[in-house]
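Notes to accompany the following structure.
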Amino acid sequence: MRWLERLTRGREDVAAVMAKARAAADAGDYAAALAIWGPLAHAGVARAQNNIGACFSEGLGVARDSALALKWLALAAEAGDPVGQRNLATAYFKGSGVESDGVRAAELYRAAAEQGDGPAQDMLSWMLLEGRLIPANLDESRRLALAAAENGVAAAMARLGMFYHNATGVERDASAAVAWWRRAALLGEADAQAMLGAALHLGAGAPADQSEALIWLLRGETGGSALAAPFVGAARAALSPQQIADAEGRARQKLEAA
């Protein structure tokens, strides 16, 4: 702790030093980042503890070591760091360095979600929808999906679209489903792109537009969504060769240039 006191009394505060470490990590220099995070973590800075745990978990700048990852993530989570809580939850969910425990994972995701962590909100929403590791709760799942969507998590936006499409705990609203899929699709979420394409092909929740449908279906397919395949052929069949070529060209464009 004396090291931390000297640091905070010096020219740079902890936030500034952490920013330097983040910049090094963003540049791929994890050795330099770890050299900064190490003393901070030992001095009790929770986010630095999380970052070291993440490095051991992913083998970034150090050899993978699930036991050390768990140690540092547990310290960060105990200190209340939401990212540490989320990463420790993922370790329990996957059984990385610890016996898989869905209930403990959900507890940690919830702790992070209550602090506004979008990815944790998204993951807990998914768990509550699936109802396999913890009891299902559709209302809470939808509430958390909305919170995560407001935090910019594309997967949560796509899930909200499915809530409205499937009438899961809400009245069916095809227009709302399309609106959420479009938001997620523009962020590159492959399943949302596929579902948006399918909706535009069928004219469900938005006017039918076969060219636009094919663009989004192709983007979804390229992104790895299996949901696009049943509709791609039908969308192609409704277009001329030139329209297909134009759609294929637009599908390859970056989203911001589309």
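General remarks:
- Under a model in which nothing but the beta-carbon of Lys, Arg (+1) and Asp, Glu (-1) is charged, the chain shows a dipole of about 440 debye around its Cα centre.
- Exposed loop positions in the chain were taken to be trypsin sites (Lys or Arg not before Pro) whose DSSP state is not H, G, I, E or B and which have at most 16 other beta-carbon atoms within 10 angstrom. Between these positions, the longest stretch is 173-253.
- In the chain, Cα pairs under 8 Å separated by at least six residues give a relative contact order of 8 percent.
- Ranking of His201, His42 by count of other Cβ atoms within 10 Å, fewest first: His42, His201
- Relative to the 2.2 N^0.38 Å rule of thumb, the chain has a C-alpha radius of gyration ratio of 1.22.
- Restricting the calculation to alpha carbons of segment 194-255 gives Rg and Dmax of 10.2, 27 angstrom.
- D (Stokes-Einstein, µm²/s), Kirkwood Cα radius, segment 1-140, 1.002 mPa s at 20 °C: 137
- Sum of -39500 (n - 2.57) over DSSP H runs of 4+, divided by residues of the chain (222 nm, nearest 500): -22500 deg cm²/dmol
- Förster radius 41 Å - calculated FRET efficiency between Leu255 and Glu99 (Cβ-Cβ, nearest 0.05): 0.50
- Taking label positions 7 Å along the Cα-Cβ direction at both Glu150 and Ser66, the computed distance is 3.7 nm, reported to one decimal.
Rule-based calculations on the coordinates, nothing more; no lab input. Nothing here was measured: the structure is a model prediction, and the numbers come from that model. Don't worry about glycine lacking a Cβ; one is built from the backbone with ideal geometry, like all the others, and counts go over all protein chains shown.
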